[in-house]
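The values are calculated or read from the model by the stated rules, or taken from the named source; none is laboratory data. Note that the structure is a prediction, hence the values are computed from the model and not measured. FYI the Cβ positions are ideal-geometry reconstructions off the backbone, even for glycines, and counts take in every protein chain you see. What goes into the accessible areas is simple: the full protein's heavy atoms, side chains included, and nothing from ligands, DNA or RNA. Shrake-Rupley method; radii C 1.70, N 1.55, O 1.52, S 1.80 Å.
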Amino acid sequence: MSCNAPSLDRVFLELGPLTIYWYGVIIAFGVFIGLYLATRESDRLGLDKDLVIDLIVFAIPAAIIFARIYYVIFEWDRYAGAPWWDVFAVWEGGIAIHGALIGSVLTAIIYTRVKNVSFWQLADIIAPSLILGQAIGRWGNFMNQEAHGGPVSEAVYNNFLQYLPDFIMNQMCIEGTMYHPTFLYESLWNVLIFVFLLVLRRYNPVRGEVFLSYVIAYSAGRFFIEGMRMDSLYVPGTDIRMAQLISIVLIIFAAGLMIYRRASGMAKRRYDGKKIKK
């Protein structure tokens, strides 16, 4: 579907030579909200909130580095002939959520071993913050006009998308063509997961299952939404979308781990820390 609409300014603020982009501001806002919620929950459970704060302080740079490395690896043809500093231009977009998750989980595993605390306890506390941060962060993609789907047909627009706020669809008008706001679909899905996780933890599940439920639910939604996107990363030499492949692997792994931990007796405590009665 053809369109003609001005795009929003990607720049949030310019201070002399310093340019601050909306992308970074939105990501930072998501991190702040996630940190606030996680520290409140750690307080409620009687856990030292400094453990959560310190973990996030270490995990954020690791997540950004891994997210960028992941993206650059699978988009190497794009950067091979460009100036070397383009590899570091994260403010231009181009970070991968799966890379960020790999970096943050590895950091959490190392951190909890050093501090001699439960990885699953901290993972459960942080999981709702992670998914809410992802929901907010997708609006950074919106400002950069990335993470969108294929062209919109007039029938789909008239029956559904015309009811979305104008500023959303105007921003999805890129070079005269209107595209599906898949960033919005994923953001809304992530909000639903956030609510689900809050409800789940009220039922005091086995420790680790809030985090594993997050992995399964996010991966399921990402699998279907990824199929609509035009900027997917692919397994080299194939037509397989990397995010879809990883989503399937994560669903199988998380579900299998959930079953194994219960069957083997490794899950000995509930979310609130109480031991499971035999």
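Looking across the range 190-231, the residues that are free of Cβ contacts under 8 Å to residues at least 40 places away in the same chain, of a type outside the set (A, V, I, L, M) and open to solvent by 50 Å² or more (accessible area, probe 1.4 Å) come down to 196, 202, 203, 223, 224.
Within the range 54-62, can one find any residue that is assigned to a loop (DSSP other than H, G, I, E, B) and touching a Phe, Trp or Tyr at 6+ places or on another chain (Cβ under 6 Å)? Among the residues of the range 54-62, not one is assigned to a loop (DSSP other than H, G, I, E, B) and touching a Phe, Trp or Tyr at 6+ places or on another chain (Cβ under 6 Å), which makes the answer no.
Taking the criterion of being more than 19 Å from residue 71 (Cα to Cα) and in a strand (DSSP E or B), would at least one residue in the range 165-176 satisfy it? Checked against the condition, which is being more than 19 Å from residue 71 (Cα to Cα) and in a strand (DSSP E or B), the range 165-176 yields at least one hit.
Being open to solvent by less than 20 Å² (accessible area, probe 1.4 Å), more than 20 Å from the chain's Cα centre (by Cα) and within 22 Å of residue 97 (Cα to Cα) is a property that residue 178 lacks. Whether a residue is under 29 Å from residue 194 (Cβ atoms), open to solvent by 50 Å² or more (accessible area, probe 1.4 Å) and touching a Ser or Thr at 6+ places or on another chain (Cβ under 6 Å) was assessed, and residue 8 does not pass this test. When 266, 242 are checked against the criterion of being open to solvent by 80 Å² or more (accessible area, probe 1.4 Å) and either among the hydrophobic types (A, V, I, L, M, F, W, C) or farther than 24 Å from residue 197 by Cβ (or both), 266 stands alone in meeting it.
Looking across the range 24-49, the residues that are open to solvent by 80 Å² or more (accessible area, probe 1.4 Å) and closer than 17 Å to residue 111 by Cα come down to 48, 49. Taking the range 137-155 on its own, how many of its residues are in a helix (DSSP H, G or I), touching a residue at least 40 places away in the same chain (Cβ under 8 Å) and open to solvent by 30 Å² or more (accessible area, probe 1.4 Å)? Count: 2.
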